[in-house]
1. Cut-off is 10 Å between beta-carbons; in what order do Glu156, Glu68 appear when sorted fewest neighbours first?
2. Using only Cα atoms, what is the ratio of the radius of gyration of the chain to 2.2 N^0.38 Å?
3. Any chance you could give the angle, 0 to 90 degrees and rounded to 10, that helix 6-27 forms with the longest Cα principal axis of the chain?
4. Quickly work out the Leu354-to-Ile168 label distance, labels modelled 7 Å from Cα along the C-beta direction, and quote it in nm with one decimal.
5. Output ³J(HN,Hα) for the range 219-227: one whole-Hz value per residue in order, computed from phi by the Karplus curve 6.51 cos²θ - 1.76 cosθ + 1.60 with θ = phi - 60°, and x for Gly and Pro.
6. Rounded to the nearest 0.05, what FRET efficiency do Leu342 and Trp410 give with R0 = 30 Å and r taken as the Cβ-Cβ distance? Could you check?
7. How would Lys114, Lys297 line up from fewest to most surrounding beta-carbon atoms within 10 angstrom?
8. Using only Cα atoms, what Kirkwood radius does the range 1-142 have, in angstroms?
Amino acid sequence: MTIDLTWAGWFTGVVVLYYAVLFVVSLRRPRADTAPAGWEAPLMIVVVPARNEDKVIGETIANLRGMEYAGECRILVVDDASTDTTAAVIAAHVSQDPRVRLLSRTAEQGGRGKSDVLNHAYRLIRDAAADGDPWLAGRAPADIVYAIVDADGRLEKDSLTVVAPYFIDPSVGSTQVGVRIYNAGDSTLARMQDMEFVGFTYLVQIARDKIGSSGLGGNGQFTRLSALISLGDAPWKTSALTEDLDLGLRLIEAGWRTRFCHHTTVAQQGLTRWKPLLRQRTRWIQGHYQCWSHIPKLARAKGASYAGRFDLVTYLFLVVTVVVISLSMTAVLASGLGLVHLTSSFLSFVPDGLGLRVTSLVLSILPLAIFMLTYQMNSRHPYRWWEVPTFALIFSAYSYVWIVTTLRAWTRMLLRRNGWVKTPRVGPTPSLPPTIGLQAGR
């Protein structure tokens, strides 16, 4: 049996070229947006969803209370019917700082997923703004930014100050900041996740910001309240497994601009065990496939540039790259066992000999070389030069986790399973605070 892999060679070559172009575009870093004199910074409301997060929530709130921001900031922590001491830890901060409020969800409301929590907080803020709640300082929806920080998130001290000027442009609906892993030194698995996030931030998102197709993440996401209002009563689709990606696409379809800010970051906790990592990435893959339903609307989104629309559609389709690699690997393995004969006319236009060998080598190592260079240039803890080859190989092996999670995602889709389990945290459980403070009045 003969299998022709020419198509796979051309597909892979185009993908490599695509990311090489993004890398070149990302090398020229734009300056941070700055506010003009006399401009009033928006009211930042940082929403923190929390369900059984007593291991990390205290430090997260303390981090947010210590933010340096010339404008006004509020912190709304949503206890999603936790069964641990999460509510008590939050309430201790509420009693100490009037900027902090606790929104408690009942057992009947809780456990329905992050989207439902975010929509609940959104409706509370929207209605409070309409009612003139003094906690919102009398600001209009266009001047209120709904920020999302996960329960394990750590914003840099100046993050709010850096992000705020991006909303000077009234067409900007949302801005995403870069993500890092703060426990990357705890294990090789956590470091691999840091490489993923930093690489995606500086290899892809900067370029996409320039062409108008930057995506949103679930942590470090800032969205204008009026933009959320334009999407209706539930901006976050409760059936979406990747509610952040879905929201960004819906904003673009509605005519809003999405931006990316690489001048500040949010740090989060990396997973240190394989089982929850596989579960998390399976959800991401399945959610990515769910977002294929946006492709027709994105292609017609008049508010986005042609380049932006092309990139968004391409990005959604590129999830099949894992499939192509898997099929190619299977074919090569079968060929090694003598079960099939492989042929390919890819690179047939390159003369045999040294030229063909060099071209093949470049295409083979270029993606990894670009990625490692990006990480070394932008990591807070770059590898020493003699460590780079070893960790490049480790990361290559780690990347095959996407093949496993893709198969798991397909299985779930075939079985029509759309539920998901919250990602667990690691760390010591704090002691109970001595007192419980006031909850949100609404």
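FYI, it's all coordinate maths here, none of it is from the lab. Only a predicted model underlies this, so the values are computations on that prediction, with no experimental measurement involved. Here Cβ is always computed from backbone atoms with ideal geometry, including for glycine, and neighbour counts include all displayed protein chains.
1. By the 10 Å Cβ count, ascending: Glu68, Glu156.
2. 1.04
3. 50
4. About 5.4 nm separates the two model spin labels.
5. Values, residue by residue: 10, x, 9, 10, 10, 5, 4, 5, 5 Hz.
6. The calculated FRET efficiency here is 0.75.
7. Lys297, Lys114
8. When all Cα pairs of the range 1-142 are included, the Kirkwood radius is 19.0 Å.
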